[in-house]
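Here's the structure we're looking at; comments come further down.
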Amino acid sequence: MRKIKRKFGFTIIELVVVIAILSIVASIAGWGVNAMMPVFRIRSASMEMKSDMQLARLEAIRHNTFVVSH
């Protein structure tokens, strides 16, 4: 009787299929992120503006005067 040896690991075909699926998913995700970039930039600019205005308000309250932000 012959003993059957079990081999562990992946075949080349399995690896190629997994890499193909991952590259398809990555390209779809890349398009989504690329489309959202203008939204992220606008949100970041508005948050920076809000922060500057809050800082100017705090300075105006601290010095009891008007403050102009640059």
* Asked: Farthest toward the dipole's positive end in the chain, which of V67, W31, Q54, given Cβ charges of +1 (Lys, Arg) and -1 (Asp, Glu) about the Cα centre?
  -> W31
* DSSP-loop trypsin sites (Lys or Arg not before Pro) across segment 1-47, with at most 12 other Cβ within 10 angstrom -> R2, K3, K5, R6, K7
* Structure fact -> Longest principal axis of the chain (C-alpha) makes with the long axis of helix 12-63 (C-alpha) an angle, in degrees to the nearest 10, of 10
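Rounded to the nearest 20 Debye, what is the dipole magnitude of segment 11-70 about its Cα centre when Lys and Arg each give +1 and Asp and Glu each give -1 at the C-beta?
Values: 5 positive and 4 negative charges, 58 e Å.
Dipole size: approximately 280 debye.
Can you quote the Å³ per residue value for the convex hull of the Cα atoms in segment 1-47, rounded to an integer? Display every interim value, and only then the final one.
Details: hull volume 4.0 nm³, N = 47.
Dividing the Cα hull volume of segment 1-47 by its residues yields 84 Å³.
Throughout, read-outs are computed from the coordinates displayed, never taken from laboratory work. Please read these numbers as outputs of a predicted model, since none were measured by experiment. All Cβ positions, glycine included, derive from the backbone under ideal geometry; neighbour counts span all protein chains shown.
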